[in-house]
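Working notes, structure below.
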Amino acid sequence: MSVKLKGRDLLSIADLTEEEFWELLEFAKLLKLETLAGKRHEYLKGKTLAMIFQKPSTRTRVAFEVGMYQLGGYPLYLSSNDMQLRRGETIADTARVLSRFVDGIMARVFDHQDVVDLAKYSNVPVINGLSDEEHPSQVLADFLTIWEKFGTLKGLKLTYVGDGNNVAHSLMLAAGLVGMNIAVATPEGYEPKSYYVEKAKTLASKHGSSVEVLRDPLQAVKDADVVYTDVWASMGQESEHEERVKLFIPYQVNPKLMEHAKADAVFMHCLPAHRGEEVVDEVADSSQSAIFDEAENRLHAHKAILAMLLGD
Ligand code: CP
Ligand code: NVA
């Protein structure tokens, strides 16, 4: 177990060094193999995790919840609507109170500052289960999936097509951290935030890879080993959905776009998918698609995060 990760927060992929990122992936892979072989783990026996959700979730909730059970611990699902947060109790007070009860906090929030504040005011580890800026637990599972498919991460090319959102930000940081090349193609005005582009470029230059932000999806997917997309309107942007669909149509991942990537390219999507918008069934359900392996790996990756941050 990593001594360095014990007691730490995971708010951003940038919180990790390359070595720590790999430690999490290696441990996730081990937990996966051993669990599938029938071994039981008790790394979190008697420990509890508070899971605060300001937004809906299927995968994140189930992966963290089942993950806690499989590690001998106990998860508590807390909808922010049913907490005193809804009536104005501050994030700081919520963090201080929960710290007296539980061994860790996982939170899915709108404003990224909320996870930063939870971490600031709690004295137990805080895990970002998605904010408007980042989705680090997702991307750890994604990179576990890519590693399983290709046997390596360094030197591969991942192309992200669509909205420059939270998932895109975390993918860019992770690619830079492990020396994977990344190209992101978005419509004008929907690029990833420059803070993340610059941060990813700094990481990539240290680890020998490149970060490109492009307009043309066909150019971006050229030579891609992985083609990744996500919804065009994220949670909280529902009112923009109609206008976004019109702008994003050229960024749809369909068989024609996939033809421009490498012949053995893998298709990925964090899910949930809006089939017929950012991806069509012919790609999502093709032999190139890794979307359900990716979803399964949320469980294994999250168990590694939980065991390493919350374990003794
Ligand atoms: N990919 C992901 O985070 O899925 P959920 O919204 O279902 O948790
Ligand atoms: N970008 C999406 C990811 C969902 C898992 C959203 O924030 O809604």
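The values are calculated or read from the model by the stated rules, or taken from the named source; none is laboratory data. These numbers were taken from a predicted model, which means no experiment stands behind them. So basically every Cβ, Gly included, is an ideal-geometry build from the backbone, and we count neighbours across all protein chains shown. These accessible areas exclude ligands, DNA and RNA; they are computed on the full protein's heavy atoms, side chains included. Shrake-Rupley method; radii C 1.70, N 1.55, O 1.52, S 1.80 Å.
Observations
Let's see how each residue does on (1) more than 16 Å from ligand 2 (Cβ to nearest atom); (2) farther than 24 Å from residue 6 by Cα; (3) crowded, with 24+ Cβ neighbours inside 10 Å:
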| residue | (1), (2), (3) |
| --- | --- |
| 125 | yes, no, no |
| 128 | no, no, yes |
| 138 | no, no, yes |
| 141 | no, no, yes |
| 150 | yes, yes, no |
| 158 | yes, yes, yes |
| 169 | no, yes, yes |
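- In the stretch 211-246, residue nearest to ligand 2 (Cβ to nearest atom) [restricted to those that are small (Gly, Ala, Ser) and open to solvent by 10 Å² or more (accessible area, probe 1.4 Å)]: 234
- Taking residues in the stretch 135-163 that are over 17 Å from residue 14 (Cα atoms) and without any contact (Cβ under 8 Å) to a residue 60 or more places away in the chain, and partners anywhere that are away from ligand 2 (no atom under 16 Å from the Cβ) and in a strand (DSSP E or B), the pairs with Cβ atoms closer than 8 Å and at least 6 places apart or on different chains are 155/181.
- Test: residue in the stretch 249-260 that is part of a helix (DSSP H, G or I), at pLDDT 95 or above, surrounded by 15 or more Cβ atoms within 10 Å (Cβ to Cβ) and within 16 Å of ligand 2 (Cβ to nearest atom): yes
- Checked against the criterion of being touching a residue at least 60 places away in the same chain (Cβ under 8 Å), within 17 Å of the chain's Cα centre (by Cα), within 16 Å of ligand 2 (Cβ to nearest atom) and surrounded by fewer than 24 Cβ atoms within 10 Å (Cβ to Cβ), the candidates 110, 64 yield just one match: 110.
- Within the stretch 175-185, not a single residue is within 19 Å of the chain's Cα centre (by Cα), within 16 Å of ligand 2 (Cβ to nearest atom), open to solvent by less than 10 Å² (accessible area, probe 1.4 Å) and not hydrophobic (A, V, I, L, M, F, W, C).
- Any hit, the stretch 267-279, residues being in a helix (DSSP H, G or I), within 16 Å of ligand 2 (Cβ to nearest atom) and without any contact (Cβ under 8 Å) to a residue 12 or more places away in the chain: no
- Sole exception among (1) of a type outside the set (D, E, K, R); (2) open to solvent by 20 Å² or more (accessible area, probe 1.4 Å); (3) more than 20 Å from the chain's Cα centre (by Cα) for residue 71, by number: (2)
Residues checked against (1) aromatic (Phe, Trp, Tyr); (2) touching a Leu at 6+ places or on another chain (Cβ under 8 Å); (3) more than 16 Å from ligand 1 (Cβ to nearest atom):
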position	(1), (2), (3)
96	no, no, yes
100	no, no, yes
106	no, yes, no
109	no, yes, no
113	no, no, yes
123	no, no, yes
133	no, no, no
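- Residue among 77, 43, 69 that alone is in contact (Cβ under 8 Å) with a residue 60 or more places away in the chain, away from ligand 2 (no atom under 16 Å from the Cβ) and more than 24 Å from residue 170 (Cα to Cα): 43
- Enumeration of residues in the stretch 1-28 that are open to solvent by 60 Å² or more (accessible area, probe 1.4 Å) and outside any helix (DSSP H, G or I): 1, 3, 4, 6, 8, 17
- Scanning the stretch 259-302 for residues that are away from ligand 1 (no atom under 12 Å from the Cβ) and at positive phi gives a single hit, 276.
- Residue tally, condition β-branched (Val, Ile, Thr) and outside any helix (DSSP H, G or I), over the stretch 187-227: 4
- Residues of the stretch 29-44 that turn out to be outside any helix (DSSP H, G or I), open to solvent by 50 Å² or more (accessible area, probe 1.4 Å) and in contact with a Leu (Cβ under 8 Å, 6 or more places away or on another chain), as a count: 2
- Selection within the stretch 110-134 - touching a Gly at 6+ places or on another chain (Cβ under 8 Å) and part of a loop (DSSP other than H, G, I, E, B): 110, 124, 125, 132
- Test: residue in the stretch 84-105 that is buried (at least 16 other Cβ atoms within 10 Å of the Cβ) and either in contact with a Lys or Arg (Cβ under 6 Å, 6 or more places away or on another chain) or under 22 Å from residue 171 (Cβ atoms) (or both): yes
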